[in-house]
Structures are given as C-alpha cells and as structure tokens.
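The next block holds one structure in the form of structure tokens; read it before the comments.
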Amino acid sequence: MIMQEIQSKMLENKVRVTKLEALKNKKYRVTIANESYDLNEDTILHFRLVKDKCVDSIEKILEYDLKIIYYNKYKNYLFKFPKSEKQFLTLLKVKEPNLSIDDTYYLVTRLKNEKILDDNLYANSIFSSLIKRGYGRSYIEKNLLNRGIGFDIINDLLDKYNVDEQFVYNLALKQNRNYQKYPIFKQKQKLTSYLLNKGYDFKTINIVLDKIYNE
C-alpha cells in the first residue's frame, strides 16, 4: 500500500511523451505536456524517449539537447578547421562566452574521446605539412608551440626529424636565383637569412652554402 502511494506520487510529478515524429537530419519533434520540442537523435537515444513514456523533467532533456547542439556544431567545425585543445578552448571563450563549465567539459571530453580533438593527430598533421613545405627544426618547434601543442608531443616529433641536406641544398639553390643581381657576399647574407627564417641551423646552412659557392 505504501509503495503504491509512493509510485502514485512519483507519477504525478512526471510528464508523458504524447507524440514523437521523425524529422530530417537526425532530428525529432517530441510532444510532452502539450508542448512540442525539436530534439537531436542523440538526446532521444540518451533518454530512451518513446511515445507514452513518462519523464521526470523536460528541463533536463533540453539541457542535454543543448550539449548536443554545441557538439554537432563544433564537430563539423573541427572537421573543416582542425585545432589543438588549447586553441579550441580559446575559440570557445570568444565564440561561446556564455557556455557553462559543465557544457564545456562535456563538449571537450566527447570531442577528445572521439579523436575529433586530438593534439597528437593535429601535431602530426602540421609537422608533416611543414616538412613538405621545406621548413626546418626550429621553425617547426616554434610553429607547434604557437598552436598550443605541448613540449612532450613536440619533442617526440622532433626526435623523428632528420635534416635532409640535399633537400635544403635544392631549396637554397632555387631561392638563390632571386639574388643573382647581388655580389656574392650579399647573396650569402640573403640566403643565410632565408634559411634561418625557414628554421635551419647554422651548421646545415654553412654546409649548403659551401656546396653552392664552391661548386
């Protein structure tokens, strides 16, 4: 008898799903207590919403659905414009200043768990791109640091890095064509400055310059 009374009171505080209609783009229109809400499929699955189910509170459902809205928005954004975790958190502060700590934690945690926000993958991609574009060790290190990548990841990547002197030589030789109107000492100055800005050390630069001007 007591249990029946408790269950009865619990049901009094619940509201019933009276209608559930599938929409486009993984959205559903749910009618609860004579009010209709367009919810994401993730929300429907999370709360296991079906017709005639009784739920405790529509507020909790809407709060969760807001998390999914942010997740879908930034999942698509990061596919187009990958970022480090630090860059992403900075972006959120600017773009979503009213985003709660709880929503931010959910968003970042889920994106990381799904490898959409992954500093290792992001850093590897940038590292490979910079090498292909002819940049050296110090430039790569500075670039990754500026993107918010941690020293541990950067050091692991740089441990794999070996200077290809032939590649640097070809790069320098091509650039030096722009300096032919200058005297030799000026050419060397400009070429040294160019290679330093590309991130190469003096040892590599001197080897390359010797090879170019002593051929």
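Explain nothing, just the number: dipole magnitude of the range 58-215 about its Cα centre with +1 on each Lys and Arg Cβ and -1 on each Asp and Glu Cβ, in debye rounded to the nearest 20. It would help to have the intermediate numbers written out before the result.
Working: 27 positive and 19 negative charges, 192 e Å.
About 920 debye.
For residue 73, the lysines whose Cα comes closer than 25 Å to its Cα, not counting residues fewer than 8 places off in the same chain, are 24, 26, 27, 60, 83, 86, 93, 95, 112, 115. Each Lys and Arg contributes +1 and each Asp and Glu -1, all at the Cβ; summed about the Cα centre of the range 2-113, the dipole is approximately 620 debye. Comparing the range 15-101 with the 2.2 N^0.38 Å rule of thumb, its C-alpha radius of gyration ratio is 1.29 (two decimals). Against the chain, whose longest principal axis is taken from its Cα atoms, helix 137-146 shows a tilt of about 30°.
If you average the sequence gap of Cα pairs under 8 Å that are 6 or more apart and divide by the length of the range 26-155, what percent do you get for the contact order? Intermediate results must be reported in sequence, preceding the final value.
On the way: 86 pairs, mean separation 27.4, N = 130.
RCO, the range 26-155: 21 percent.
Relative to the longest principal axis of the Cα atoms of the chain, the long axis of helix 184-197 lies at roughly 20 degrees. Dipole orientation for the range 89-174: of the candidates 135, 158, 92, 135 has the Cα lying most toward the positive pole (charges on Cβ; Lys, Arg +1; Asp, Glu -1). P(r) tail for the range 111-164: Cα pairs beyond 15 Å make up 42% of the total. Dividing the helix sum by the residues of the chain, where each DSSP H run of 4 or more adds -39500 (n - 2.57), gives a mean residue ellipticity at 222 nm of -20000 deg cm²/dmol.
Labels on offer are [x] 177; [y] 149; [z] 104, and the one holding volume of the Cα convex hull per residue in Å³ computed from this structure is [x]. Round to the nearest 10 and give me the degree value, 0 to 90, for the angle of helix 165-176's Cα axis relative to the longest principal axis of the chain. The angle comes out near 80 degrees.
Magnitude of the charge dipole for the range 119-159, about its Cα centre and with charges confined to Cβ atoms of Lys, Arg (+1) and Asp, Glu (-1), is about 300 debye.
FYI, it's all coordinate maths here, none of it is from the lab. Every value quoted in this text rests on a predicted model; they were computed, and no experiment measured them. A quick note on method: Cβ atoms are made from the backbone with ideal geometry, for glycine too, and the neighbour counts reach across all protein chains shown.
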